[in-house]
Structures are given as structure tokens and as C-alpha cells.
């Protein structure tokens, strides 16, 4: 009887190993990465800038951002094809690029992988407005959701 039980255990273990080997030979499908929801040309210009922490404050913050056009936040083209913007806690401008993420989101940050701590998630993109939220939870808690509203007409 012990031999029959042992044979059964070995057969079961062999079946498990065969299944695992089958799983190991088929790689998971690569993540689908779509193009960014915006282009860097859409971001170039003069913007009114404001931020909020509660979604209920979005409409008021949009108006506040527009009122900042007397001292606009200027986004210019970068030397490498990105745009020049501030990173968290930095006075100097850095070149940032739009990056498609494997999760379908569009990220704005230094060149490299999408979704890193220095990146922002770009949301609510329209011709004359866009919003960003920091990926890093500490930055997101401090800065909230940033709202950019174009000052004046976009030059073609």
C-alpha cells in the first residue's frame, strides 16, 4: 500500500512540474503602450497656474488659474524635444517629456521610464487646459492637482 501511495504522490508531483514548465514556457503578453494623450507642442505657451486638493475645488481653481495670467507660467520647448518645466522642490527648469505608460496613462517627467517618482500624471487634457498630479505620494499630498489654463489664444 505504501508503494501505491508513494507512486500516486510522485505522479501528482510530476503533473504539477509539467504544468509549471508549461507556464514558464509562455511569456506574459507585453503591456500595451498607447501614444501620449498630448504632444509637447500643445504644452508650449503661457499658462495660468493654480492647484487644489479636493475635487470639489476644481471649478474655483480653474478660475483662479486664469486670473494668474498677469504673471503666467511659461512652458517653452526644450533642447531635446521636450518642454521646460519645474520639477518638485526645484527652482531651476528641467526638460521634461511626455511618456506613455503601460497603464494607459500619460506621464510628464524627465526622460526615462514612465511612472517614476519625478513624473506627473497628465489628466483632463483639452486644447486650452490640462491638469497634472504627482506620482510620488509625498509630492501629491503637498502640491495637490495642478491646473494649467492657457492665457490668450494659442498661436498656430
**Report entry** Matching residues, region 139-156, being in a loop (DSSP other than H, G, I, E, B) and surrounded by fewer than 15 Cβ atoms within 10 Å (Cβ to Cβ)
**Finding:** 152, 153, 154, 155, 156
Report summary line: Residues of region 95-122 being exposed (fewer than 15 other Cβ atoms within 10 Å of the Cβ) and either at negative phi or assigned to a strand (DSSP E or B) (or both), in sequence order, are 102, 103, 111, 113, 116, 117
Report summary line: Within region 44-76, residues being out of contact with any strand residue (DSSP E or B) (no Cβ under 8 Å at 6 or more places or on another chain) and either part of a loop (DSSP other than H, G, I, E, B) or buried (at least 17 other Cβ atoms within 10 Å of the Cβ) (or both) number 2
Requested in this report: Please work out if residue 136 is closer than 16 Å to residue 44 by Cβ and surrounded by fewer than 17 Cβ atoms within 10 Å (Cβ to Cβ).
Outcome: no
Requested in this report: Consider only pairs whose beta carbons are under 6 Å apart and that are at least six residues apart or on different chains; among these, list those whose first residue lies in region 70-81 and is at negative phi and modelled with pLDDT of 95 or more and whose second residue is part of a loop (DSSP other than H, G, I, E, B) and surrounded by 11 or more Cβ atoms within 10 Å (Cβ to Cβ).
Outcome: 72/151; 75/44; 77/44
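The values are calculated or read from the model by the stated rules, or taken from the named source; none is laboratory data. Just so you know, these numbers come straight off a predicted model, no measurement behind them. Note that we place each Cβ from the backbone using ideal geometry, even for glycine, and neighbour counts take in every protein chain shown.
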